[in-house]
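Colleague: After the structure tokens below, expect a handful of questions from me.
The values are calculated or read from the model by the stated rules, or taken from the named source; none is laboratory data. Remember, it's a predicted structure, so these values are computed and weren't measured experimentally. Neighbour counts run over all protein chains shown; Cβ positions are idealised from the backbone, glycine included. What goes into the accessible areas is simple: the full protein's heavy atoms, side chains included, and nothing from ligands, DNA or RNA. Shrake-Rupley method; radii C 1.70, N 1.55, O 1.52, S 1.80 Å.
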Amino acid sequence: VSLEMGKISVEGVGEVQEYIDVCDFAVGLSRMLGGPVLPSERPGHALIEQWNPLGLVGIITAFNFPVAVYGWNNALALVCGNCCLWKGAPTTPLTSVAVTQIVAQVLEDNKLPGAICSLACGGADVGSAMSKDERINLLSFTGSTNVGKQVSLVVQERFGRMLLELGGNNAIIVFDDADLNMIIPAVLFAAVGTAGQRCTTTRRLFLHESIHDSVVEKLVKAYKQVRIGDPLDSNTLYGPLHTKQAVDMYKNAVEQVKQQGGTVACGGKMINRPGNYVEPTIVTGLPHDAAIVHTETFAPILYVLKFKSEEEAFMWNNEVKQGLSSSIFTKDVGRMFRWMGPKGSDCGIVNVNIPTSGAEIGGAFGGEKHTGGGRESGSDAWKQYMRRSTCTINYSKELPLAQGIKFE
């Protein structure tokens, strides 16, 4: 994972551990895949919901989590009784092959065909073929919003099922009553972790006007202490971007910041060393609705914005097109519940006093709006990998018809 994707080794180990944990979760879940028994309005009848496998689940994953995201889908799809066809990112093929070989070995050791979990390496042509193929009963796609939109149109055209896990433009809101000792490590982890290449990376930081300057000052100091280096070195906290194209996107975003009137408070430049290294960057002085602030750049750029009121901060959180992850830091219990309620965050992940990244496998992971609406892994996400039948059983000797109709 470190060699192909570029993330630090401890994060790579974390991905593998996450797959193992999801397997544990799925095995427990496999004993609880039940539907309700419903009361029938007709005497001598029983009404039950039966869940059955879909058949073949296609899984297309992104470069940034080349192990864990397949694990989320694969483990749940298997306990629901499905086979899997996986297309990993074209830039992480060795990781895909390694994972597939391990899974195939486990299947074969248990007298099952390894091909239950098959792999197709390739680029957009393979993904396009999977989108069009009617034999794929569910297509789970993790990636950018633009490609996800294309996938959804093709799958919808054949009335196929899809699970979309797309982009995020995630915000942390810090109120004046927050525990400021928690803020710096939380923001640093969420904005700089994986070099800003998580779908849950914090990209917008809203600070109450009374604490804005002091938090920015501390954050700049913390950013300058981040240990940048070889991702395989255990002391490294921050590695390279995944590709040269990512570096170009980063440079373009920094240029847009300057054109739109923002100030680069920290970072903003490429690092002169072999590899796709850029400086983790803090930007201040832009309005909340600046075009670049509303653009998800998959790189470590954090936009810091000053707000006055709770209502204003909640509105700004919700004004972007994506709706994946969101977080507030506060001690006000009423505000916590307003944040989680109907007038609060419109995201699929709504956190209090923890950052936007680092979701647990027990909770359904996913987001609203341009994030796609899909849910992977925890809670009742298993229902997406199965089909539901409403079953009525007449165990009487009568045949009462619906709505009381009588045929004489």
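Colleague: Please work out which residue is farthest from the chain's Cα centre (by Cα), limiting yourself to the range 365-397 and to residues that are at pLDDT below 95 and either among the aromatic types (Phe, Trp, Tyr) or not in a loop (DSSP other than H, G, I, E, B) (or both).
Modeller: Looking at the filtered set, the residue picked out is Ser377.
Colleague: Also: Tally time: how many residues in the range 259-284 are open to solvent by 20 Å² or more (accessible area, probe 1.4 Å), of a type outside the set (S, T, N, Q) and in contact (Cβ under 8 Å) with a residue 60 or more places away in the chain?
Modeller: Of the residues in the range 259-284, 1 are open to solvent by 20 Å² or more (accessible area, probe 1.4 Å), of a type outside the set (S, T, N, Q) and in contact (Cβ under 8 Å) with a residue 60 or more places away in the chain.
Colleague: Return the pair list, or none, for Cβ contacts closer than 7 Å from residues in the range 344-371 that are within 23 Å of Glu11 (Cα to Cα) and touching a residue at least 40 places away in the same chain (Cβ under 8 Å) to residues that are charged (D, E, K, R) and open to solvent by less than 30 Å² (accessible area, probe 1.4 Å), at least 6 apart or on different chains.
Modeller: From residues that are within 23 Å of Glu11 (Cα to Cα) and touching a residue at least 40 places away in the same chain (Cβ under 8 Å), the pairs are Phe365/Glu376; Gly366/Glu165; Gly366/Glu376.
Colleague: Let me ask something additional. Output the residues belonging to the range 289-309 that are under 25 Å from Lys251 (Cα atoms), touching a residue at least 40 places away in the same chain (Cβ under 8 Å) and part of a loop (DSSP other than H, G, I, E, B).
Modeller: Listed by number, the residues that qualify are Val293, His294, Thr295, Glu296, Thr297, Phe298, Ala299, Pro300.
Colleague: Quick one: is Asn110 under 21 Å from the mean Cα position of the chain (by Cα) and not assigned by the TED database to the domain that holds Glu311?
Modeller: When the stated conditions are applied, Asn110 does not pass them.
Colleague: Whether any residue in the range 250-261 is at pLDDT 95 or above and under 27 Å from Phe365 (Cβ atoms) is what I want to check.
Modeller: yes
Colleague: Residues of the range 80-107 being part of a loop (DSSP other than H, G, I, E, B), farther than 26 Å from Gly28 by Cβ and of a type in the set (A, V, I, L, M, F, W, C), which ones?
Modeller: Ala89
Colleague: Tell me which residues, restricted to the range 108-130, are polar (S, T, N, Q) and in a loop (DSSP other than H, G, I, E, B).
Modeller: Asn110
To keep it simple, each residue is scored yes or no on (1) closer than 17 Å to Gly193 by Cα; (2) open to solvent by 30 Å² or more (accessible area, probe 1.4 Å); (3) in contact (Cβ under 8 Å) with a residue 40 or more places away in the chain.
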{"site": "Val257", "(1), (2), (3)": "no, no, yes"}
{"site": "Leu286", "(1), (2), (3)": "no, no, no"}
{"site": "Glu311", "(1), (2), (3)": "no, yes, no"}
{"site": "Asn318", "(1), (2), (3)": "no, yes, no"}
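Colleague: I'm trying to understand the selection: among the residues of the range 18-51, which are assigned to a loop (DSSP other than H, G, I, E, B) and more than 30 Å from Ala68 (Cα to Cα)?
Modeller: Of everything in the range 18-51, those that are assigned to a loop (DSSP other than H, G, I, E, B) and more than 30 Å from Ala68 (Cα to Cα) turn out to be Pro36, Pro39, Ser40, Glu41, Arg42, Pro43, Gly44.
Colleague: Filtering the range 18-41 down to residues that are among the aliphatic types (A, V, I, L, M) and more than 15 Å from Ser379 (Cβ to Cβ), which residue is most open to solvent (accessible area, probe 1.4 Å)?
Modeller: That would be Val37.
Colleague: Could you say which residue among Val247, Val293, Val304 is touching a strand residue (DSSP E or B) at 6+ places or on another chain (Cβ under 8 Å), farther than 26 Å from Arg338 by Cα, open to solvent by less than 20 Å² (accessible area, probe 1.4 Å) and of a type in the set (A, V, I, L, M, F, W, C)?
Modeller: Val247
Colleague: Where in the range 160-221 are there strands (runs of 3 or more DSSP E), lying fully within it, with 2 or more residues that are farther than 18 Å from Cys347 by Cα?
Modeller: Per the criteria, 161-165, 202-208.
Colleague: Further question on the same structure: Looking only at the range 52-79, which residues are surrounded by 20 or more Cβ atoms within 10 Å (Cβ to Cβ), outside any helix (DSSP H, G or I) and not aromatic (Phe, Trp, Tyr)?
Modeller: Matches in the range 52-79: Val57, Gly58, Ile59, Ile60, Thr61, Ala62, Asn64, Pro66, Val67.
Colleague: Then there is this: Any residue at all in the range 178-188 that is more than 25 Å from the chain's Cα centre (by Cα) and either without any contact (Cβ under 8 Å) to a residue 60 or more places away in the chain or in the same structural domain as Gly14 (by the TED database) (or both)?
Modeller: yes
Colleague: Taking Ile354 and the conditions (1) of a type in the set (Val, Ile, Thr); (2) over 29 Å from Asn181 (Cβ atoms); (3) surrounded by 12 or more Cβ atoms within 10 Å (Cβ to Cβ), which numbered condition does it fall short on, given that it satisfies the others?
Modeller: (2)
Colleague: Conditions first: (1) buried (at least 23 other Cβ atoms within 10 Å of the Cβ); (2) assigned by the TED database to the domain that holds Ala381. Asn146 passes all but one, so which condition is the exception?
Modeller: Evaluating Asn146 over (1) buried (at least 23 other Cβ atoms within 10 Å of the Cβ); (2) assigned by the TED database to the domain that holds Ala381 leaves (1) as the failure.
Colleague: Check whether at least one residue in the range 117-130 is open to solvent by 30 Å² or more (accessible area, probe 1.4 Å), out of contact with any strand residue (DSSP E or B) (no Cβ under 7 Å at 6 or more places or on another chain) and farther than 30 Å from Gly6 by Cβ, and report yes or no.
Modeller: No, that holds for no residue.
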